[in-house]
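Let me begin by presenting the structure, written as structure tokens, before commenting on it.
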Amino acid sequence: MKKYTGWLVVVAAVALILVSAQWQYRVDLTAEQRYTVSNASEQLLQQLKAPVEITVLLGGDDLPSGFRKLAQATDRFLADCRSISNGNLTYRFVSPDDFMNDSVRFPL
């Protein structure tokens, strides 16, 4: 019976890892619910009829550490929004320097 208990624990752990990889859930413990998408925003994202693309000017490797943290938090938030929108929301990170160079060459 002891040798089966070890294998049972391993199989249960692997099953838990596989299930948790398919089911993503985060708990927002901040008082102001900083990392939670509001109900109104969820409804808006679910009702998107056409693709929406967001360009975030927080790309590049030479960002200060505070901006890197902001970029990571923005990426997580936009990933949540993309999953709520059923894929109608896309986003990309662009270096501010590259954006400014393109804007000077190709004015709007």
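The values are calculated or read from the model by the stated rules, or taken from the named source; none is laboratory data. From a predicted model like this one, the values you see are computed outputs, not experimental measurements. Glycine gets a Cβ as well: all are built from the backbone with ideal geometry, and neighbour counts include every protein chain shown. Heads up: the accessible areas ignore ligands, DNA and RNA and are worked out on the full protein's heavy atoms, side chains in. Shrake-Rupley method; radii C 1.70, N 1.55, O 1.52, S 1.80 Å.
Numerical summary
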item: Amide H partners (placed H, <5 Å) of VAL52, local residues excluded; result: LEU89, THR90
item: Nearest-ten-degree value, helix 2-22 long axis tilted from longest Cα axis of the chain; result: 20
item: Positive dipole terminus of the chain, leading residue within ALA73, SER85, VAL14 (C-beta point charges); result: VAL14
item: Cα long-axis angle, helix 65-84 against the chain (0 to 90 degrees, to the nearest 10); result: 70
item: Ranking by accessible area, most exposed first, for ARG34, ARG26 with a 1.4 Å probe; result: ARG34, ARG26
item: Fraction of accessible area attributable to carbon and sulfur, the chain (%, probe 1.4 Å); result: 61
item: Heavy-atom surface of segment 29-74, accessible at 1.4 Å and reported per residue (Å²); result: 79
